[in-house]
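One structure is given below, encoded as structure tokens.
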Amino acid sequence: AEGLAAGRVSYPSRGFEVPAYRAAPGGRKDLPVVLVISEIFGVHEYIADTCRRLARAGYLAIAPELFARQGDASAYSDMARLMGEVVSKVPDDQVMADLDAAVAWAATQGGDTARLGITGFCWGGRITWLYAAHGPVKAGVAWYGRLEGERNPLQPHHPIDLVRELKAPVLGLYGALDTGIPVASVERMQAALKSGSAAARASEFVVYPEAGHAFHADYRASYRQQAAQDGWQRMLAWMQRHGVV
């Protein structure tokens, strides 16, 4: 974090103070903004490090704790319990509102929210697609986010349902060996995008043949260095290409 304005912050949303981590180049204003959406494990050191890496690239990056109302993701060691007791209880509508509030907060902290991007990992990959259909972003990069699935009152839509509403092009970075998001699901999304909005038609996928799920997560056994590094460079290029720079 040397030379960066980095650390824990909070901002108001619907009467609740949302905890977050933010990182930005020190002493600079009018910065492009990137929302960073975590995996189900919340905003731990890997996500904070991702924010710092984006700050080194010239962005104001903010990663909200989007599960904070429902529970503390860091208190769980069992993934099934975490999903059942916390993550599955988080409404998409709440997430969209908390991200809108994060954008408003960033605008008061030296962020130029006319140059807004979003990226997310796993759970956050799905949210990236949803927010690209909801908010004023210029570009999104979704790392292995779920594209389809069962609907319920808290999660009434999945990315494949919203291709006509996409407001910003999304780059999808996926692994061919991902057992939870098979290549067939990616192919169905690619087909759906062709009949979507202009932003949907401009969206693209990269599928890494030797990677599975969570290949960017360098603290997990799933990490694949080549795919992770290539995906990072593609993410930065995608943001630049679509005006988040």
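The values are calculated or read from the model by the stated rules, or taken from the named source; none is laboratory data. Predicted model, so just to flag it, every value in this text is computed and none were measured. Ideal geometry is used to build each Cβ from the backbone, glycine not excepted, and the neighbour counts take in all protein chains shown. With ligands, DNA and RNA removed, areas are computed over all heavy atoms of the protein, side chains included. Shrake-Rupley method; radii C 1.70, N 1.55, O 1.52, S 1.80 Å.
Listed values, structure above:
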item: Output for segment 11-52, where each listed residue is touching a residue at least 60 places away in the same chain (Cβ under 8 Å), within 20 Å of CYS122 (Cβ to Cβ) and charged (D, E, K, R); result: GLU39, GLU45
item: Neighbours by Cβ (under 8 Å, 6+ apart or cross-chain): first from segment 54-81, touching a residue at least 12 places away in the same chain (Cβ under 8 Å); second buried (at least 24 other Cβ atoms within 10 Å of the Cβ) and of a type in the set (Lys, Arg); result: LEU60/ARG22; ALA61/ARG22; ILE62/ARG22; ALA63/ARG22
item: Pairs, first without any contact (Cβ under 8 Å) to a residue 40 or more places away in the chain and closer than 22 Å to ILE40 by Cβ in segment 201-214, second among the β-branched types (Val, Ile, Thr) and part of a loop (DSSP other than H, G, I, E, B), C-beta under 9 Å, six or more apart; result: GLY212/THR179
item: Near pairs, Cβ below 6 angstrom, 6+ apart or cross-chain, from segment 160-177 (under 27 Å from TYR223 (Cα atoms)) to any residue that is open to solvent by 40 Å² or more (accessible area, probe 1.4 Å) and in a strand (DSSP E or B); result: LEU171/GLU204; TYR174/VAL207; ALA176/VAL207
item: Every pair of residues 6+ apart whose Cβ atoms lie under 7 Å, when the first sits in segment 113-130 and is assigned to a helix (DSSP H, G or I) while the second is open to solvent by less than 10 Å² (accessible area, probe 1.4 Å) and of a type in the set (Phe, Trp, Tyr); result: GLY125/TRP143; GLY125/TYR144
item: Given (1) open to solvent by 10 Å² or more (accessible area, probe 1.4 Å); (2) in contact with a strand residue (DSSP E or B) (Cβ under 9 Å, 6 or more places away or on another chain); (3) under 24 Å from VAL141 (Cβ atoms); (4) assigned to a loop (DSSP other than H, G, I, E, B), number of the condition ARG69 does not satisfy; result: (3)
item: Those residues of segment 200-234 which are in a helix (DSSP H, G or I) and in contact with a Gly (Cβ under 9 Å, 6 or more places away or on another chain), in sequence order; result: ALA227
item: Residue match in segment 169-179 (condition: in a loop (DSSP other than H, G, I, E, B), surrounded by 20 or more Cβ atoms within 10 Å (Cβ to Cβ) and not β-branched (Val, Ile, Thr)); result: yes
item: Of all residues making up segment 1-32, the number that are in a strand (DSSP E or B) and either open to solvent by 60 Å² or more (accessible area, probe 1.4 Å) or closer than 15 Å to ARG52 by Cβ (or both); result: 16
